[in-house]
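**Q** What follows is a structure written as structure tokens; I'll ask about it next.
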Protein chains: 2
Amino acid sequence: MTVTLKDVAERAGVSRSAVSRTFTPGASVSAKTRSKVEQAAAELGYAPSALASGLSTGRTKLIGLVSNNFRNPIFLEVFDLFTRAIQDRGLRPLLVNLSEDTDPEAAIRMLRQYSVDAVIVASSTLSAAFAANCKAAGLPVVHAFGRATRYPEVPVVGIDNVEAGRMAARALLARGYRDIGFLGGPAGATTTQDRLAGFRQELARHPGCRLRESFASTYSHDAGAVEMSRLMDSGPLAEAYFCGDDVIAIGALGVLRKAGREVPGDVGLIGFNDMEAASWDLVTLTTIRQPLDEIIAVSVGQAIALSEQPETPVTQTLLPLTLIERGTLRPEM
Amino acid sequence: MTVTLKDVAERAGVSRSAVSRTFTPGASVSAKTRSKVEQAAAELGYAPSALASGLSTGRTKLIGLVSNNFRNPIFLEVFDLFTRAIQDRGLRPLLVNLSEDTDPEAAIRMLRQYSVDAVIVASSTLSAAFAANCKAAGLPVVHAFGRATRYPEVPVVGIDNVEAGRMAARALLARGYRDIGFLGGPAGATTTQDRLAGFRQELARHPGCRLRESFASTYSHDAGAVEMSRLMDSGPLAEAYFCGDDVIAIGALGVLRKAGREVPGDVGLIGFNDMEAASWDLVTLTTIRQPLDEIIAVSVGQAIALSEQPETPVTQTLLPLTLIERGTLRPEM
DNA sequence: GGGCGAATTGCAACCGGTTCCTAAACCGGT
DNA sequence: ACCGGTTTAGGAACCGGTTGCAATTCGCCC
């Protein structure tokens, strides 16, 4: 059923190598053979086997796309952009869902078995060790949405979360908030820690400020709602909260509105990510946008570079954030 | 760098075939050789190449997962469930983003090149021709969220959209609505047409009813918002609307609330899909749930069956819908 | 027409497994 | 120790390409 090199070669009356060469860009074939081969190939509906070619060349044009974040709405956009970017470069994404109950080591073994050209880890909550293990296993890897470190093992493309914390603090201060809450994501997440560090830093420069800290158990709507409920039950609220991400913020917002609190009248809220729902009329969340498209473009570019040139030096790319002003913070004073 | 069969064979002091057999379930190897091989393999960190094995066996354990729906929030859940289901069965998803500007034929060629074991098309808006073309190209295929037809070419797993229309109509009628609107998805989509057909059918059984029909240009928040704005600008609204899906409904809901209309006080709204955001406190959308997990489990099961037994007869599986009552319809009378 | 270097071509080995087939090792029984 | 019937092991061909190398062909000039 499948048409092979040999079939085309016989039909075109040339050798198998000749056929292979006409399909290998930059190989030496005469115009005459090329056209004979191309015609035969077209007649037979020949498409070279990526498996066989991967086997002999060592490059499969497969990119392992690993994430553990299949429930956060922001990842819809992330997957869309990643798959497009990868496809546009002539590669294909082999998707790995690294949810709680799957073994990271097994995933790495699998990626090696399929000899993917490179791995892109797309997650801010996956430990840096995973990417490092990929590298140790000989897989070129880049960590998108990863954490910048002083001595990085693998290339990281993302944002400066400490700066994100500062930016949020500045936004709140500029709008006259002084009794301020940090409603972060999971306390153990590096994103949470970094943003909190930046947030504290900036508030510390304003003596009269009060900072209260609390954490949602996961980056999810319900965790945000639960934590905001808890805060409401345990005394007066702060004037405004910097939330771990948009989906946490939306959870908090829902609880506040349901309890009859006005946002931004009674309480201010600022999120993080600028996911699509943040701009819904029902939501209109003020937030900090991370440049997804750039992060992804750079990640894919680096993954490719690394797969072609394994000795490419490890770099970190931190891209700029933007404050997106909508309706959950009072206007600047 | 990569450890091969040969390396393991030499180290274990056996033939390459012996090694291959210890890694092939159900092959005949003595306990003694097996343990020698396993030890050697462990010492060397050997993992058999999926490429090579795919090349000789013809099965790659790759499943092509094709969709054109990377922006609808419901697909986050869909991708999560699909990737898990596929991985749990020992296969891996090769993701194909079939967005507007990508060539379907190229995608099929690509899937053949990688000799995927089967293709799952996950989309209600992708033409049935795509799946049919896969089949014609010799790829086992199942169409998840596809449309049931009288003489199906490929297996379809999904829901009965005509029944969905009826169900929505019954829900509205039962709550006393008589002046009723259909705010569908794109007019050309089969889902829209089928649901409208069922909707009409059921309303036709209630003589005193008025039905108005309109369509959002895409299954998206903004299209829903735009269409609802248009309706508001062009005269009095119906008492309640059946929306093309949840995201359209949420767009419409946002516009209504912004305009000061009460939902469900002034206007009722019912969506479709039961995506996660439908249950957010800010939204609490009454909707019709399609059983994603079952659709996906069945789809994956069929894809596997088909890949192992290509002559499996073509079946259609339509799974039951559930009305999820939240807060955008007045109570049943 | 002969000679020369460059462009093409085909052969054959190889990528890393799988599997058919035959030969060897093994088993219990006598 | 020998026999007959199973297992098990190894050799070799094959899956469908790629590529180094040597041989051939080509174009061009004298």
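**Q** Applying the selection to segment A:247-285, what residues are assigned to a loop (DSSP other than H, G, I, E, B) and under 20 Å from A:ASN161 (Cβ atoms)? Even if it seems obvious, please write down each step before you answer.
**A** Taking segment A:247-285 and keeping what is assigned to a loop (DSSP other than H, G, I, E, B), we get A:259-267, A:271-272, A:274-275, A:280-285.
Of everything in segment A:247-285, those that are assigned to a loop (DSSP other than H, G, I, E, B) and under 20 Å from A:ASN161 (Cβ atoms) turn out to be A:GLY271, A:PHE272, A:ASP274, A:MET275, A:LEU285.
**Q** Hey, among the residues in segment B:42-51 that are open to solvent by less than 60 Å² (accessible area, probe 1.4 Å) and more than 7 Å from every other protein chain (Cβ to nearest Cβ), which one's nearest to B:GLY13 (Cα to Cα)? Spell out how you get there, then give the answer.
**A** Initially, segment B:42-51 is screened for residues open to solvent by less than 60 Å² (accessible area, probe 1.4 Å), giving B:44-51.
In the following step, the residues that additionally are more than 7 Å from every other protein chain (Cβ to nearest Cβ) were identified as B:44-46.
On the way: B:LEU44: 14, B:GLY45: 17, B:TYR46: 15 Å.
This residue is B:LEU44.
Each row is one residue, and each column tells you yes or no for (1) open to solvent by less than 20 Å² (accessible area, probe 1.4 Å); (2) of a type outside the set (Gly, Ala, Ser); (3) outside the structural domain of A:THR218 (by TED's automatic domain parsing).
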| residue | (1), (2), (3) |
| --- | --- |
| A:SER20 | no, no, yes |
| A:LYS32 | no, yes, yes |
| A:ALA40 | yes, no, yes |
| A:SER53 | no, no, yes |
| A:VAL78 | yes, yes, yes |
| A:ASN97 | yes, yes, yes |
| A:ILE120 | yes, yes, yes |
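**Q** Of everything in segment A:206-223, what is in a loop (DSSP other than H, G, I, E, B) and either under 17 Å from A:ALA238 (Cα atoms) or in contact with a helix residue (DSSP H, G or I) (Cβ under 8 Å, 6 or more places away or on another chain) (or both)? Give them in sequence order.
**A** Going through segment A:206-223, the residues in a loop (DSSP other than H, G, I, E, B) turn out to be A:206-209, A:216-220.
Result: A:HIS206, A:PRO207, A:GLY208, A:CYS209, A:ALA216, A:SER217, A:TYR219, A:SER220.
**Q** Looking at B:SER99, B:SER49, B:SER35, B:SER53, can you tell me which residue is of a type in the set (Gly, Ala, Ser) and farther than 30 Å from B:SER299 by Cβ? Talk me through it step by step, then tell me what you get.
**A** Values: B:SER99 fails: farther than 30 Å from B:SER299 by Cβ; B:SER49 fails: farther than 30 Å from B:SER299 by Cβ; B:SER53 fails: farther than 30 Å from B:SER299 by Cβ.
Selected residue: B:SER35, the only one of B:SER99, B:SER49, B:SER35, B:SER53 that is of a type in the set (Gly, Ala, Ser) and farther than 30 Å from B:SER299 by Cβ.
**Q** If a residue must be more than 30 Å from B:ALA136 (Cα to Cα) and more than 16 Å from DNA strand C (Cβ to nearest atom), how many such residues does segment A:45-80 contain?
**A** So the count comes out to 13.
**Q** While we're on this one: Are any residues in segment B:1-18 open to solvent by 50 Å² or more (accessible area, probe 1.4 Å) and either hydrophobic (A, V, I, L, M, F, W, C) or more than 7 Å from DNA strand C (Cβ to nearest atom) (or both), and if so, which ones? Give the steps one after another, and end with the answer.
**A** From segment B:1-18, those open to solvent by 50 Å² or more (accessible area, probe 1.4 Å) are B:1-2, B:4, B:6-7, B:10-11, B:13, B:15-17; that's our starting set.
Residues satisfying the conditions are B:MET1, B:ASP7, B:GLU10, B:ARG11, B:GLY13, B:SER15.
**Q** For segment B:183-207, which positions are in contact with a strand residue (DSSP E or B) (Cβ under 6 Å, 6 or more places away or on another chain) and surrounded by fewer than 16 Cβ atoms within 10 Å (Cβ to Cβ)?
**A** B:ALA187
**Q** Let me ask something additional. Do we have B:ASN68 as within 27 Å of B:ALA129 (Cβ to Cβ) and more than 10 Å from chain A (Cβ to nearest Cβ) here? Reasoning before the result, please.
**A** Details: within 27 Å of B:ALA129 (Cβ to Cβ): yes; more than 10 Å from chain A (Cβ to nearest Cβ): yes.
Considered against the rule, which asks whether it is within 27 Å of B:ALA129 (Cβ to Cβ) and more than 10 Å from chain A (Cβ to nearest Cβ), B:ASN68 comes out as yes.
**Q** What is the number of the single condition among (1) modelled with pLDDT of 95 or more; (2) more than 16 Å from B:THR60 (Cβ to Cβ); (3) at the interface with chain B (Cβ under 9 Å from one of its Cβ atoms) that A:MET110 does not meet?
**A** (2)
**Q** Continuing with this model, one more query. Are there helices (runs of 4 or more DSSP H) fully within segment B:9-97 with at least 3 residues that are within 16 Å of DNA strand D (Cβ to nearest atom), farther than 22 Å from B:LEU126 by Cα and free of Cβ contacts under 8 Å to residues at least 60 places away in the same chain? List them.
**A** On the way: elements: B:16-22, B:31-44, B:50-57, B:74-88.
The helices (runs of 4 or more DSSP H) meeting that bar are B:16-22, B:31-44, B:50-57.
**Q** Moving to a separate point now. A:LEU94 is checked against (1) within 25 Å of B:GLY58 (Cα to Cα); (2) more than 10 Å from chain B (Cβ to nearest Cβ) and fails just one. What number does that condition carry?
**A** (2)
**Q** Among the hydroxyl-bearing types (Ser, Thr, Tyr), facing chain B (nearest Cβ under 9 Å), assigned to a loop (DSSP other than H, G, I, E, B) and touching a residue at least 40 places away in the same chain (Cβ under 8 Å), is that true of A:THR102? Don't jump to the end; show me each part of the working.
**A** On the way: among the hydroxyl-bearing types (Ser, Thr, Tyr): yes; facing chain B (nearest Cβ under 9 Å): yes; assigned to a loop (DSSP other than H, G, I, E, B): yes; touching a residue at least 40 places away in the same chain (Cβ under 8 Å): no.
Judged against the criteria, A:THR102 is not a match.
**Q** Working only within segment B:50-65, note down all residues that are under 17 Å from A:SER56 (Cα atoms) and in contact with a helix residue (DSSP H, G or I) (Cβ under 6 Å, 6 or more places away or on another chain).
**A** Listed by number, the residues that qualify are B:ALA50, B:LEU51, B:ALA52, B:GLY54, B:LEU55, B:THR60.
The values are calculated or read from the model by the stated rules, or taken from the named source; none is laboratory data. The shown structure was predicted, so the numbers you read here are calculated from the model rather than taken from an experiment. Cβ: placed from backbone, ideal geometry, glycine included. Neighbour counts: every protein chain shown. These accessible areas exclude ligands, DNA and RNA; they are computed on the full protein's heavy atoms, side chains included. Shrake-Rupley method; radii C 1.70, N 1.55, O 1.52, S 1.80 Å.
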